[in-house]
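Asker: Starting off with a structure, shown below.
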Amino acid sequence: MNIAPQRNSVTFPHGFLDFLRVSQERRHRIGTCELQPARLERFNKALRAISPNAPNLTLDQMAAAAQRALDHHRDGATPSFVQSRMAALRRLDGMAADEAWQPSDEARRLVVVLRAYRDDTDDLIPDAEPVIGLLDDAVLVDVALQLLRDELADYEDFCRFRRVAADFAGLAEDATGLTRAHWLAAMLQAHSSRGRLDATPRQQYVPDPRASLFHIT
């Protein structure tokens, strides 16, 4: 299956700054915290580690986006964008750790970058900040998702393949012994009469790009 990064997706890098509107007044304070330039540099360093072509973001851009999230979630709820990207990070973690899948070196590398930033106590927005505490983490996950979308979609198919086989055999999934090579052979056999594999649409695990990044709902 094709697992080349999708560098021409709707969300990234094209349109990456479309939604990062800066407010009319310069604003670095959001909620109860003041965004710090040194922490922004940590964020941008992680962003560049994920994609060297990513533009550096500014304090004004991040503050304006975070304020929109706060204005939209006065009830203190976590934005769905953040929830979905944190769920995606857990799936990326699982994919990178699944030896049966034999994840690509790029997938492993990006997950290491994401986890290092996620565990950084000096990240841009303190995690304990209501509503927006994980917004900066979610932005990085979103960019990584665009670059790993094909591999993650393939991995989801592999997980379904392994789960069905395990249910049929009455075994635990990790006891099936199935690997990425088994899944690929099964897919090739299933599609042999339909021409090229990529002629058949596949369900994409990556969320709809129209709901991506700072389209915060």
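Asker: Can you name every residue in the range 56-68 that is assigned to a helix (DSSP H, G or I) and of a type outside the set (S, T, N, Q)?
Answerer: Of the range 56-68, the ones assigned to a helix (DSSP H, G or I) are 59-68.
Within the range 56-68, L59, D60, M62, A63, A64, A65, A66, R68 meet the criteria.
Asker: Looking at E129, is it without any contact (Cβ under 8 Å) to a residue 40 or more places away in the chain, closer than 30 Å to F43 by Cα and in a loop (DSSP other than H, G, I, E, B)? Break it down stepwise before answering.
Answerer: Numbers: without any contact (Cβ under 8 Å) to a residue 40 or more places away in the chain: no; closer than 30 Å to F43 by Cα: yes; in a loop (DSSP other than H, G, I, E, B): yes.
Spelling it out, it is not the case that E129 is without any contact (Cβ under 8 Å) to a residue 40 or more places away in the chain, closer than 30 Å to F43 by Cα and in a loop (DSSP other than H, G, I, E, B).
Asker: Moving to a separate point now. In contact with a His (Cβ under 6 Å, 6 or more places away or on another chain) and over 19 Å from A144 (Cβ atoms) - does that describe any residue in the range 72-87?
Answerer: No, the conditions are met nowhere in the range 72-87.
Asker: Is there a residue being touching a Leu at 6+ places or on another chain (Cβ under 7 Å) and outside any helix (DSSP H, G or I) anywhere in the range 181-192?
Answerer: yes
Asker: Would you confirm whether any residue within the range 106-124 is of a type in the set (G, A, S), within 30 Å of A190 (Cα to Cα) and not in a loop (DSSP other than H, G, I, E, B)?
Answerer: Within the range 106-124 (the criterion being of a type in the set (G, A, S), within 30 Å of A190 (Cα to Cα) and not in a loop (DSSP other than H, G, I, E, B)), the answer is yes, since at least one residue qualifies.
Asker: Which of the residues spanning the range 69-95 are polar (S, T, N, Q) and not in a helix (DSSP H, G or I)?
Answerer: Across the range 69-95, the qualifying residue is only T78.
Asker: Moving to a separate point now. Kindly indicate whether L114 is under 20 Å from R180 (Cβ atoms), among the aliphatic types (A, V, I, L, M) and surrounded by 15 or more Cβ atoms within 10 Å (Cβ to Cβ).
Answerer: no
Asker: Here's something else I'd like to know. In the set L114, L147, L124, L134, which member is modelled with pLDDT of 95 or more and touching a Ser or Thr at 6+ places or on another chain (Cβ under 8 Å)?
Answerer: L134
Asker: In this structure, is R90 modelled with pLDDT of 95 or more, out of contact with any Pro (no Cβ under 9 Å at 6 or more places or on another chain) and farther than 16 Å from V139 by Cα?
Answerer: The answer is no for R90.
Asker: Here is a list of conditions, (1) on the phi < 0 side of the Ramachandran plot; (2) under 25 Å from the mean Cα position of the chain (by Cα); (3) at pLDDT below 55, and R180 meets all of them except one; can you say which number that is?
Answerer: R180 satisfies every listed condition except (3).
Asker: Could I ask something else about it? Out of all the residues in the range 38-62, which are aliphatic (A, V, I, L, M), under 22 Å from L89 (Cβ atoms) and at pLDDT below 95?
Answerer: Within the range 38-62, A54, L57, M62 qualify.
Asker: Return the residue satisfying two criteria in turn: it lies in the range 140-172 and is among the charged types (D, E, K, R) and without any contact (Cβ under 8 Å) to a residue 12 or more places away in the chain, and of such residues it is surrounded by the fewest Cβ atoms within 10 Å (Cβ to Cβ).
Answerer: D167
The values are calculated or read from the model by the stated rules, or taken from the named source; none is laboratory data. In this text the structure is predicted, and so the values were computed from the model without any measurement. Please note: Cβ atoms are built from the backbone with ideal geometry, for glycine as well, and neighbour counts cover all protein chains shown.
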